[in-house]
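A quick write-up on the structure given underneath.
What follows draws every value from the coordinates through simple rules; no lab data is involved. Values in this document were obtained by computation on a predicted structure and should not be read as measured data. When we count neighbours, we look across all protein chains shown, and the Cβ atoms used for this are built from the backbone with ideal geometry, even at glycine.
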Amino acid sequence: MPNAAVDPVPPAAWPTFTPVTSAAPSMPSAWSATVLLHPFSPPLSTDPKPDTPFFQLCVANIVCVQHLFLSAQIKGCDYGQWWYMITPETTELSTDNGLSWHSIDMGWSLPNNWFGAQAANASCAGASPLNWMNGNSVNWWKIPVPIPQSQLKAATWMWFDPETDAPLRMMFGNGPPLPTKGDRTQLALFQMFSFTYFPVFRALAANETPDRPTEWIDPQFEGFALGNPNGYQDFVFSGNFGMTAHMTPVNEAFNPLPTRVLYVWKPDSEYATFTDRAQSTIMNYNYNPNQPIASQEALLTGPAPSSVSPKPPYSAKGFLNTINTDGSQRCVGGAKFPFPQEPPNWLMIPGEQATIHATITNNPVVAPNNVVTVFSVLFPPAKPNYPEATYLWTWYSPIAGTDGTQSRPVTFMQSQSGVGVGTSLALADYFYHQNFSAPIDPANFVVPDACANV
């Protein structure tokens, strides 16, 4: 690890967890919610407008009464609306606002708990705020998900308010058996989407228990707007900043990793050596006591300008150095870690197809006192279910008075991240963020001895 004396991010800025000893949250006998649903992937090019909501950002009204029904009125942010009614016997679907219904096999079962068939094996990593926007701690719960023909288990993560047990967010690390058909052992409906926020949730008292809904109501929540009505531009990284995050894996064997990131990208005219374009990401395994790892550093370097010749050693490289609790180190690079540093304008690289799907303004639950832009970026496919592309979802908060190019990161989530690939990191929730006026000490980007010959 670099000398803390030259690291511009103060130790107190690293996020932490506090222990949670309370019981797992139970699902209320009756509840209602409005949710924002992020899909695993866009539709296939051969079927660009499928008759299903599972390939676009959606907003949904949910009403659930245990043992009776779960009603999900889903409105696509691009097109269409679907009303699913799950009962103990069947699932019905209406696409005409409830005028007509037909039975459909979605592979779901009517839920009576949040964690599905793995409820007894759910565990809590601890309590921490979700990110920098709200200082209130929430409980981070993890559910193991068996993977067919594998000894590994994926992780579904759910975040709950410790005072009310209300769900705030869900991340399904491993998608359903098919993109359009679920698994009866997992939470109905939500499992079809990679990432879900709950800006509205109410546990209903016994005297509020509703009858089965008969009227379609357009789902909406405070501060939500489709598309990009404010005309925000794609964000661009500063060339000299530091930040901290919780990095959350979708491999059930791991808990989140408190993480520090330093990033420097000097312009062509100032480039002299590989440390002038570099990113150092240090991940601590404080909350993974069953792992032999103490920390890892991912060191990524950017390409030298075309005017620089010969290219300096280590430019446009990636290294992952693992420091074990016994002090030993192991480094991978090259073809085993082919991840050079992304440039500040990485959203604008051809093929990324960055899109602002929605903005959220001052929602008291998911964007208090801030504006959030909900971006998608195309990421590599995950075969066989998502053979063309998957989504990276990232939320950014434009700095007040700017056009969005100056924005602060809120969260970053990779759909269908590979379980068993490294630590299977899929989610970053950001805390400290600072653009530095003084240059970052290059000593923070020195290639570790263990990586010198990989």
From the residues Phe379, Leu320, Thr16, which one has its Cα farthest along the dipole of the chain in the positive direction, the dipole being from +1 and -1 charges on Cβ of Lys/Arg and Asp/Glu about the Cα centre? Leu320
Straight-line reach from Lys49: which lysines have Cα under 24 Å away, leaving out those fewer than 8 places along the same chain? Lys75, Lys181, Lys383
Pop the C-beta distance of Ser29 and Arg330 into the FRET formula with R0 = 35 Å and round what comes out to the nearest 0.05. 0.10
Quick one: if you stick a label point 7 Å off each Cα along the C-beta vector at Asn207 and Asn286, how many nm between them? 4.7 nm
Give the calculated FRET efficiency between Ser309 and Asn345 to the nearest 0.05, with a Förster radius of 25 Å applied to their Cβ-Cβ distance. 0.55
Charge dipole (debye, nearest 20) of the range 30-221; +1 at Cβ of Lys and Arg, -1 at Cβ of Asp and Glu: 560 debye
If every Lys and Arg gets +1 and every Asp and Glu gets -1 at its Cβ, then about the Cα centre the chain yields a dipole, in debye to the nearest 20, of 820 debye
To the nearest 20 Debye, how big is the dipole of the range 231-451 about its Cα centre, given +1 on the beta carbon of each Lys and Arg and -1 on that of each Asp and Glu? 200 debye
With point charges of +1 on the Cβ of Lys and Arg and -1 on the Cβ of Asp and Glu, referenced to the Cα centre of the range 30-221, which listed residue (Ser150, Ser109, Val200) lies farthest in the positive direction of the dipole? Ser150
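Using the eigenvalues of the Cα gyration tensor, what equivalent ellipsoid semi-axes result for the range 30-221 when each is taken as the square root of five times the eigenvalue, whole Å, largest first?
25, 21, 17
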Can you give the convex hull volume of the alpha carbon atoms of the range 312-394 per residue, in Å³? 226 Å³
Under Stokes-Einstein, the range 231-451 at 37 °C and 0.692 mPa s, with its Kirkwood radius over C-alpha pairs, diffuses with a coefficient in µm²/s of 176 µm²/s
Check the straight Cα-Cα distances from Lys142 and name the aspartates and glutamates below 14 Å, setting aside those fewer than 8 residues away within the same chain. Glu252
Taking the range 133-211, how much of its Cα-Cα pair set, in percent, is spaced more than 13 angstrom apart? 73 percent
For Lys336, the lysines lying under 17 Å Cα to Cα, once residues fewer than eight places off in the same chain are dropped, come out as Lys317
Per the Kirkwood formula over distinct C-alpha pairs, the hydrodynamic radius of the range 1-110 in angstrom is 17.6 Å
Computed on Cα atoms, Rg of the range 250-311 relative to 2.2 N^0.38 Å comes out at 1.55
Where only C-alpha atoms are counted, convex hull volume of the chain per residue in Å³: 157 Å³
Once both label points are put 7 Å beyond Cα along the C-beta direction, the Ser137-Thr16 separation in nm becomes 1.0 nm
Once you have the Cα-Cα distance between Leu152 and Asp47, take 0.36 nm times their residue separation minus that, and quote the gain in nm to one decimal. 34.5 nm
The chain - Cys residues lacking any other Cys C-beta under 4.7 Å: Cys58, Cys64, Cys77, Cys124
Between Val446 and Val421, what's the calculated FRET efficiency when r is the beta-carbon distance and R0 is 45 Å? Round to 0.05. 0.95
Loop-exposed GluC sites (Glu not before Pro) per DSSP, neighbour cap 15 Cβ within 10 angstrom, longest uninterrupted part of the chain: 223-387
